[in-house]
Structures are given as structure tokens and as C-alpha cells.
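Presented below is the structure to which this report refers.
The values are calculated or read from the model by the stated rules, or taken from the named source; none is laboratory data. Only a predicted model underlies this, so the values are computations on that prediction, with no experimental measurement involved. Virtual Cβ from ideal backbone geometry, glycine too; neighbours counted across all protein chains shown. Remember, those area values only see protein heavy atoms, side chains included, never the ligands or the DNA or RNA. Shrake-Rupley method; radii C 1.70, N 1.55, O 1.52, S 1.80 Å.
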Amino acid sequence: MKDASEIFRAAVRDTVRRYSIWYLIQGAILIAAGVLAIVYSAVASVAVITVLGWLLVISGAAQAISLVGASQVPHFWLQLISVVLAILIGLMFLNDATQGLLTVTLLLIVFFMMEGISKVVFALTIRPFPNWAWVLAAGVLGMALSLVLWVNLPISAIWLIGLLLGVQLIGVGASLVYLAWSARNLASAP
């Protein structure tokens with residue numbers, strides 16, 4: 001007897017096969033959107049910051065509504081501070097997208113540097129393992145990317161988020177196209 005997870009996986013595979021044309025179309029649209037986001041990275045970056053600003057304002061407002069009449073809830077003041085920060089940062093992003101771009105880019109620079117350092121330390125720790133140098137290279141690349149972005153501030157803030165969005169959209173779109181194409185080939189195979 002098949003277990004529930006195998007039945008679920010079979011149902012998902014069957015659905016992907018039946019609707020593969022829609023996955024193919026969705027993947028193609030995502031790839032096109034990714035290319036546009038890369039070509040027009042400054043516009044895409046501002047769009048991302050604007051959407052993020054609205055999300056912060058809306059989520060802050062929703063949290064504020066949930067706090068009405070909840071002054072006796074543990075950690076009320078911490079939650080209230082969180083609400084105020086979400087709304088203020090969201091409004092800042094909406095009011096001045098350039099500041100939002102710079103803020104998010106600085107956070108990404110810190111992330112890339114910390115991720116790079118952790119990969120280098122990890123690679124040196126596992127050094128006898130086969131292919132440890134690939135982990136080291138990934139860490140050095142992350143640190144180098146962080147430094148290149150830092151040196152090119154504030155210009156890098158204008159295009160970085162749009163570029164990353166474009167790369168992500170192309171990656172997801174390509175994976176959907178490949179999945180749909182493979183599913184179509186499986187369905188037509190005898």
C-alpha cells in the first residue's frame with residue numbers, strides 16, 4: 001500500500017503533466033520579466049522598494065489594528081514599537097525610494113560579506129574534504145561582491161535590487177520551462 005506522501009507526489013506529478021502548457025507559459029513570462037528587470041534595473045529597483053514600502057505600511061497598520069485594546073498583552077510596548085517602525089520605514093521607502101534603495105543595498109552588502117566570511121571559515125574547517133575549494137571560492141566571491149558594491153555606492157544601489165530580481169525571475173522561469181518541457185516529453189513518451 002502506498003503511503004500518503006507517495007500518493008501526494010504522484011498527484012502533483014500528474015497535475016504538472018496535465019497543465020504543462022500553463023507552466024511553460026508562466027515560465028516564459030517570468031523569463032521575459034526577468035530580462036526586463038535586468039535591462040531596466042533602476043526602474044525594477046524602485047518598483048521593488050515601492051512595493052516593500054506599501055507592504056510595510058499595510059502590515060504595520062494591520063498590526064496596529066490588532067493591538068487596539070490589547071494594552072495588557074505581554075510585550076505590548078515591543079509590539080507597538082514594531083508597528084511604529086514598520087509604518088515609519090514603509091513611509092520612508094514610499095517618500096524617498098532612493099533612501100530605501102540605499103538602505104536595502106547596505107543590508108545586502110553586509111549580508112554578502114557575512115555570508116562570504118562564513119563560507120571561507122567553513123571551507124577552511126572542512127579543508128580535507130574533496131571539493132572544499134569550491135566552498136572557499138564561493139566565500140571569496142561573496143566577499144569580493146560585497147566590496148565591489150560598497151566601493152560603487154551609491155550607484156550600485158540604483159541597479160542592484162533590479163538585477164537580483166531579474167536573475168531570480170529568470171531562474172524561476174527557466175526552472176518552470178524545464179519542468180514543463182520535461183513533463184510534456186514524459187506525457188508523449190510511450
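Before moving on, here are some points about what is shown:
- The portion of the accessible surface of the chain made up by carbon and sulfur, rounded to a whole percent, is 76 (1.4 Å probe; DNA, RNA and ligands excluded).
- Over the Cα atoms of the range 17-84, the radius of gyration divided by the Kirkwood radius equals 1.29; this is the Rg/Rh ratio.
- Using a Förster distance of 45 Å, the FRET efficiency for residue 72-residue 152 (Cβ separation, nearest 0.05): 0.35
- The chain: relative contact order as a whole-number percent, Cα under 8 Å and 6+ apart: 40
- Residue-averaged 222 nm ellipticity for the chain, from DSSP H runs of 4+ at -39500 (n - 2.57), nearest 500: -30500 deg cm²/dmol
- In the full protein context, the range 56-115 carries 64 Å² of accessible surface per residue, based on a 1.4 Å probe and ignoring ligands, DNA and RNA.
- Relative contact order, percent, the range 79-190 [alpha-carbon distance under 8 Å, six or more residues apart]: 25
- Since only 128, 167, 150 are under comparison, the one whose Cα sits farthest along the positive direction of the charge dipole of the chain, derived from C-beta charges on Lys, Arg, Asp and Glu, is 128.
- The gain in end-to-end length when the residue 47 to residue 84 segment is fully stretched comes to 11.0 nm, 0.36 nm per residue minus the alpha carbon separation.
- Rounded to whole Å, the principal axis extents of the Cα atoms in the range 54-190 read 60, 48, 35, largest first.
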